[in-house]
Amino acid sequence: MHKKMSISAIIISFFICLLFLLFWGFHFHITQPNTQEKLKIALVTNSGENKKISIFNKKMGTAIGKKLNKRVTFHTISTTTTVQDMQKYSIIIGLHKKMLNNQELKNSLAYLYIPNELVSLKDKGLSNLSVTTAKIAIVSNLDYPESLTLSDIKLRLVHEPSAANAVASVISKKTRAAVISTLDYSNLASQNIDYLENLKTNQTNPPISAQSYYIYFNKNTNIKKTLISLQNSQILAKLSFNILGQDYTKQ
């Protein structure tokens, strides 16, 4: 009887000690300061932008932090607050060229080039942009195509809040064509078979350049070198292919 009680006491004592060790180890882990340096990253949100762009931007920020062995913290900022937020972060991802002044451009790199499409009705195609006087819809979050700026072409633009609105304006004949990203057009066409039957994309003269996305480094050359390393090692190319369906990291 005493022997059985002794064995039970030993077993109970063992479990009590085990629970104490587990509790102490967990408490020690959570109370230890994380000495890993932080990398404060801002992600710019653009109204109406394809969600896959945001996913890519966050994955790229994570890859930069991992390469630098820094603990990444993400913060979301809007296009309207970007200017005053410039100095608050180590990196700002998702900028358009029009958001940056000449000095800021020197501390920035383009990292993503999403092609634009000119979409029109099948029976009213449009190709020569240098002579058209028709109204053209463009999604508000897109920069005016640089290729048209360089060609000194000024289209009669109607700004629409989303790709769906821009395409709807073409279908309703409010506009002759619409400039939207290839990601958005593919997404819309996959959801609406009428688009495939009634719309087409056009090869234009001059060609419509891609939308460029920029990352701002706040004068940190190590971060800039890290991004270039990720570009050269094809890590960003693989991310683009996995998330966006193609490698859009090269112009």
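The values are calculated or read from the model by the stated rules, or taken from the named source; none is laboratory data. The structure displayed is predicted, hence computed values, not measured ones. So basically every Cβ, Gly included, is an ideal-geometry build from the backbone, and we count neighbours across all protein chains shown. Areas reflect the complete protein model, heavy atoms only, side chains present, ligands, DNA and RNA absent. Shrake-Rupley method; radii C 1.70, N 1.55, O 1.52, S 1.80 Å.
Of all the residues in region 214-251, those that are over 15 Å from ILE53 (Cβ atoms) and assigned by the TED database to the domain that holds PHE56 number 22. Selection of region 98-122 for residues being outside any loop (DSSP other than H, G, I, E, B), open to solvent by 40 Å² or more (accessible area, probe 1.4 Å) and touching a helix residue (DSSP H, G or I) at 6+ places or on another chain (Cβ under 9 Å) yields LEU105, LEU109, GLU117, LYS122. Taking region 128-239 as the region of interest, the strands (runs of 3 or more DSSP E) fully inside it that hold 1 or more residues being open to solvent by 50 Å² or more (accessible area, probe 1.4 Å), out of contact with any Pro (no Cβ under 6 Å at 6 or more places or on another chain) and not aliphatic (A, V, I, L, M) are 135-139, 156-160, 199-201.
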